[in-house]
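The values are calculated or read from the model by the stated rules, or taken from the named source; none is laboratory data. As the structure is a computational prediction, the values presented were derived from the model and not from experiment. Here Cβ is always computed from backbone atoms with ideal geometry, including for glycine, and neighbour counts include all displayed protein chains. To get the accessible areas, we keep the full protein, side chains included, count just its heavy atoms, and leave off ligands, DNA and RNA. Shrake-Rupley method; radii C 1.70, N 1.55, O 1.52, S 1.80 Å.
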Amino acid sequence: SWLLKISVDNPQETSDFRHVVSQHARFWDDAIAVARVLGIEDAHIALHRCVDFDSVRRLHDRWTDRMNQRQALVVHGATPFPEPPILGNENIHPITSLEDLQAEGRLMHHCVSSYEAFIRKGECYIYRILQPERATIEIRFAGNQASIRQVQLAYNGKPSNKTRLEIESWLVEASKPAGSR
């Protein structure tokens, strides 16, 4: 397999190699999720034919672009999602409809619209942050405790520490009881 070839051809410290693999493994998982949405039945075969991490990412991006080109059928306005339990602020805005989610995926060139079913079930909530960097945020709950599941810039880029701190600060403030804000 190409994964074994990489480890033999490019010997690295084990922890460095694990870091590289974990960074790229999410593209594999995301590609499988996007393929499910698109109805691609042989996704595993296509992914196993990839010869390196870059080819996995290119396949992921190609499928994501195809998914993001789909338009929601709007008959009577927007298709709303469940009300997010945490309000946004001047820089962070909840994504509250299918059409908005699809637009986010198209604009940011990532597979956020594959999260539609999770959002509908209230398993996660998606937000966009405008400053200090434009990014997409996934929030999940364990009981009443909200946590940041992921933050992605365009093309699944990683946000700066400043952006992460801004999001963490917003989440702490927004999670406080109304009387203590």
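Values computed for the structure shown
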{"quantity": "Test set (1) assigned to a loop (DSSP other than H, G, I, E, B); (2) on the phi < 0 side of the Ramachandran plot - Gly122 fails condition number", "calculated": "(2)"}
{"quantity": "Of all residues in the stretch 125-148 being of a type in the set (A, V, I, L, M) and part of a strand (DSSP E or B), the one that is modelled with the lowest pLDDT", "calculated": "Ala142"}
{"quantity": "Of all residues making up the stretch 17-62, the number that are in contact (Cβ under 8 Å) with a residue 24 or more places away in the chain, farther than 17 Å from His110 by Cα and either loosely packed, with under 13 Cβ neighbours inside 10 Å or among the acidic types (Asp, Glu) (or both)", "calculated": "2"}
{"quantity": "All positions within the stretch 157-181 that are modelled with pLDDT under 90 and in a helix (DSSP H, G or I)", "calculated": "Ala174, Ser175, Ala178, Gly179, Ser180"}
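For every residue, the table says whether it meets (1) in contact (Cβ under 8 Å) with a residue 12 or more places away in the chain; (2) open to solvent by 50 Å² or more (accessible area, probe 1.4 Å); (3) more than 25 Å from Glu173 (Cα to Cα).
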| site | (1), (2), (3) |
| --- | --- |
| Ile92 | yes, no, no |
| Ile95 | yes, no, no |
| Glu99 | yes, no, yes |
| Arg106 | yes, yes, yes |
| His109 | yes, yes, yes |
| Ser113 | yes, no, yes |
| Glu116 | yes, yes, yes |
| Gly122 | yes, no, no |
| Ile126 | yes, no, no |
